[in-house]
Structures are given as C-alpha cells and as structure tokens.
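To keep things clear, I will list the structure first and then write my remarks on it.
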Amino acid sequence: MTDANRAGARRFPLRFAACRWLLWAAGLGLAACAEDSTPPEAGGEGSVQSHRSGEAVYRRYCFSCHAAGVAGAPRTGDAEAWAPRIAKGRDALLRSTIDGMVGMPAMGLCFDCSEPELVDAIGHMSGTALAP
C-alpha cells in the first residue's frame with residue numbers, strides 16, 4: 001500500500017458499503033417515526049384514507065400561519081377577517097385554497113387532503129359551516 005493510499009484510508013475509515021448500510025438504517029429509523037406509518041387495516045384498501053376532521057387538518061397544516069395571521073392569512077376565529085372570503089361562496093373559497101394565493105401555497109401544503117377535508121378545515125378556521 002502506498003503512502004497516498006494509507007492517507008486516504010485514514011481519512012475515510014468506513015468503507016462505502018458500510019456507509020450505505022448506516023444511511024439505510026438511519027432512513028428506516030426515521031420512517032418508523034413518521035406519523036402515518038401504521039399499516040392499512042385488514043380488508044380495506046391501502047390508498048383509502050378515513051376522513052380527517054377540520055380541526056385535525058387545521059392542527060397539522062394550517063395552524064402555523066392562520067393562528068398568527070402570517071403573510072395576511074385570516075386568523076382563526078376572526079369573523080371580521082373571514083367575512084369577505086365567506087361572502088365569495090364555498091366554491092370560490094375552496095378553489096383559492098386548492099390553487100393557493102398570495103402567501104399561501106397550493107392546498108396549504110396538505111397534498112393528500114380531500115376537498116371535503118379542506119372545506120371542513122376552512123369551516124373550523126372561519127367558525128362558519130360551509131354548506132355544499
């Protein structure tokens with residue numbers, strides 16, 4: 001072994017294969033910590049998800065901006081701020097939520113939310129049940 005090879009061996013004591021296994025194990029450990037890591041129920045389809053409440057969606061995706069009014073987001077429970085939005089109607093409000101607007105990203109970053117879940121989240125934040 002040449003001096004250059006020995007120097008390289010000292011700098012990188014783990015072989016590539018060992019590093020790959022360590023990264024895989026770390027990834028597996030992080031995946032096990034994921035909130036949605038439970039297996040699908042027996043007899044049901046894996047892609048079918050139960051309906052989450054508006055409060056659950058709000059706490060997971062909407063809270064960080066709508067609780068404090070970040071970037072002009074109407075604050076949760078502020079009837080005055082929500083009134084002009086509610087006046088536009090359920091469909092327009094839902095379309096704005098799906099497409100995103102001003103500082104809000106599309107779907108409020110809840111890409112696996114269904115339209116009824118988004119409507120329920122809007123209803124939770126605004127304090128108004130949005131009729132179909």
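The values are calculated or read from the model by the stated rules, or taken from the named source; none is laboratory data. No experiment lies behind these values; they were computed from the predicted model shown. So basically every Cβ, Gly included, is an ideal-geometry build from the backbone, and we count neighbours across all protein chains shown.
For residues that are within 10 Å of Val57 (Cα to Cα) and within 11 Å of the chain's Cα centre (by Cα), scanning just region 109-118, find the one that is surrounded by the fewest Cβ atoms within 10 Å (Cβ to Cβ).
Cys110
Looking only at region 59-85, which residues are touching a helix residue (DSSP H, G or I) at 6+ places or on another chain (Cβ under 6 Å) and either assigned to a helix (DSSP H, G or I) or exposed (fewer than 13 other Cβ atoms within 10 Å of the Cβ) (or both)?
Tyr61, Cys62, His66, Trp82, Arg85
Looking at (1) at pLDDT 95 or above; (2) in a loop (DSSP other than H, G, I, E, B), find the lone condition where Arg95 falls short.
Among (1) at pLDDT 95 or above; (2) in a loop (DSSP other than H, G, I, E, B), the lone unmet condition for Arg95 is (2).
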